[in-house]
1. Along the Cα-to-Cβ line of A:His52, 7 Å from the Cα, sits a label point; which residues in the range A:98-141 have backbone N less than 12 Å from it?
2. Using the alpha-carbon centroid of each, what span in Å lies between the range B:62-93 and the range B:159-228?
3. Label-point separation (nm) for B:Asp117 and A:Asn175, each offset 7 Å from Cα along Cα-to-Cβ?
4. Given a Förster distance of 45 Å, report the FRET efficiency between B:Gln191 and A:Ala240 from their Cβ-Cβ distance, rounded to the nearest 0.05.
5. Neighbour counts of other C-beta atoms within 10 Å: give me B:His141, A:His52, B:His108 arranged from fewest to most.
6. Quick check on my link table: of A:Lys164/A:Lys219; A:Lys218/B:Lys164; A:Lys76/B:Lys76; A:Lys164/A:Lys218, which ones sit more than 26 Å apart, alpha carbon to alpha carbon?
7. Once the Cα atoms of the range A:90-133 are picked out, what are the Rg and Dmax in Å?
8. To the nearest 20 debye, what charge dipole does the range B:61-191 have about its Cα centre, counting +1 at the Cβ of each Lys and Arg and -1 at the Cβ of each Asp and Glu?
Protein chains: 2
Amino acid sequence: MSSQIIPTHLDLHALRAKCSTCSMHELCLPMGLGDDDMQRLDSIISRRKRIHRGDHLYRMGERFLNLYAVRVGHFKTSHINTTGVEQVTGFHMAGELLGLDAISTDLHNCNAVALEDSEVCEVPFNRLEELFREIPSLQRHFHRMMSQEITREQSLMLLLGNMKAEQRLAAFLLNLSGRYARRGYSAKAFQLRMTREEIGSYLGLTVESVSRLLTRFKKSGLIAVDHKSISLDDSEGLRALIATADAAATCEH
Amino acid sequence: MSSQIIPTHLDLHALRAKCSTCSMHELCLPMGLGDDDMQRLDSIISRRKRIHRGDHLYRMGERFLNLYAVRVGHFKTSHINTTGVEQVTGFHMAGELLGLDAISTDLHNCNAVALEDSEVCEVPFNRLEELFREIPSLQRHFHRMMSQEITREQSLMLLLGNMKAEQRLAAFLLNLSGRYARRGYSAKAFQLRMTREEIGSYLGLTVESVSRLLTRFKKSGLIAVDHKSISLDDSEGLRALIATADAAATCEH
DNA sequence: CGTTTAATTGATCACTATCAACCGTCGTGG
DNA sequence: CCACGACGGTTGATAGTGATCAATTAAACG
């Protein structure tokens, strides 16, 4: 029951985010902050915001005012390419920051859509920058997070630039696995929050290819899939697919 | 004659960078700063550094201490993928900042190699962060530059994810053209500083494909190429290739 | 319960990688 | 200054991967 997330006996003021009680505070913006600095950060976070599945957190072209930290749930970010087709550029889970690509133009540069009922903390960027001057470790951590976003995209570029379909999907599954593990969830079994279409769009593949690859992985015992539930039964095998140039043989039939 | 860049009658102290006299100061870090703030930025820039063609500015895995602003020349950044093959992740020209991807781990995350004899300004990142607290507009501009790097990589992801070879190369040429134009050079004619191999690696194509595409573009009157010299004779035609899903017909024979 | 959306599977085709040969250019050293 | 060698670039022939088209099944949602 998602209504338990915000117990009804708490007043509206409680809807203000509290980093200290958030399970993501060791991954998110307040990482490494002391109690009082964390409170200062809390004080600029205007509010929590709930986004229903399928709704937009922001749209390309909208004025940029706030960064968003995912508190609960999952988002996708996507662009519309020149031919009018959506391309997914990222999947985002709790503790991750959305909107960094909007700073350069003061306009949002992509669409952010909730993949399930989700919750974010709204962080006014101007006030955040002011706070950087007072809390150097917050500034430093923010720069690390931006740099990490650059690094994340570089990995995707490498993936799109010279991996085969099979390797892309293996890398994708292992990436999700690692991110869940760091959040204290199972690295082996988890739910895919996105459709096969969205996975394909993200990996530069068609739905059909994604579907075929999943069944191939299943038949060769690397994974178990049932609709959105997935289990990485042989993550070493998946890793082997990525590392070697022609490991396809290990995965045939 | 590149020796004229640093006249011999200037003493060593003159090798310290001066943003105010740099032709790139309206694109680079000091963008929008007043004279005194620009001097404060100058004061933390440790030195200029000359990098010969083919030499590394930094290597993956090295300790991160400095950002580098390209002053003169061109660089490529590249990764070595899991199969030991180099993949180029960017081409960088004067006024651009190198090393942003290293902030997250304090280790350089890619290799940076000079494509020709080049010159950079070395910016100690710790001191730069200190300066942000004193010069808010510098902080803001730095954030814009980081955000721009995220945006740049997103474009490349879109390109690698759903463009055909022809569209990729057209997008690449137009991108170079635009960047030269903003620097006051001709948008139409310029030198390719990188090899076909490097272009292919960047675009996720083989050398052969790049070569074939260039000759195809030439035959259809879109460009003129002679070795490294290129001229975009019909940039609208190139743009049209990107926009439409099946514009290939316009470019055949 | 019925309609819409997501996923799977099959058959075929197109694009681009791969393999191979060749040419031109540049740089080096004799 | 020329010859050589290495590298970068071009062109051709072939093959493999994944896209596309098409049909069917399964799930989700009102």
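1. Hits in the range A:98-141 for A:His52 at 12 Å: A:117-118.
2. 19
3. Roughly 4.2 nm, to one decimal.
4. On the way: r = 43 Å, r/R0 = 0.96.
Plugging the Cβ-Cβ distance into 1/(1 + (r/R0)^6) gives 0.55.
5. Numbers: B:His141 19, A:His52 10, B:His108 22.
Least to most surrounded, the residues fall as A:His52, B:His141, B:His108.
6. Values: A:Lys164/A:Lys219 19 Å; A:Lys218/B:Lys164 30 Å; A:Lys76/B:Lys76 31 Å; A:Lys164/A:Lys218 18 Å.
Among A:Lys164/A:Lys219; A:Lys218/B:Lys164; A:Lys76/B:Lys76; A:Lys164/A:Lys218, the Cα-Cα distance tops 26 Å for A:Lys218/B:Lys164; A:Lys76/B:Lys76.
7. Rg then Dmax for the range A:90-133, in Å: 12.0, 36.
8. Value, rounded to 20: 580 debye.
Read-outs throughout are calculated quantities, based only on the coordinates presented, and are distinct from any laboratory measurement. Just so you know, these numbers come straight off a predicted model, no measurement behind them. All Cβ positions, even for glycine, are placed from backbone atoms using ideal geometry, and neighbour counts span all protein chains on display.
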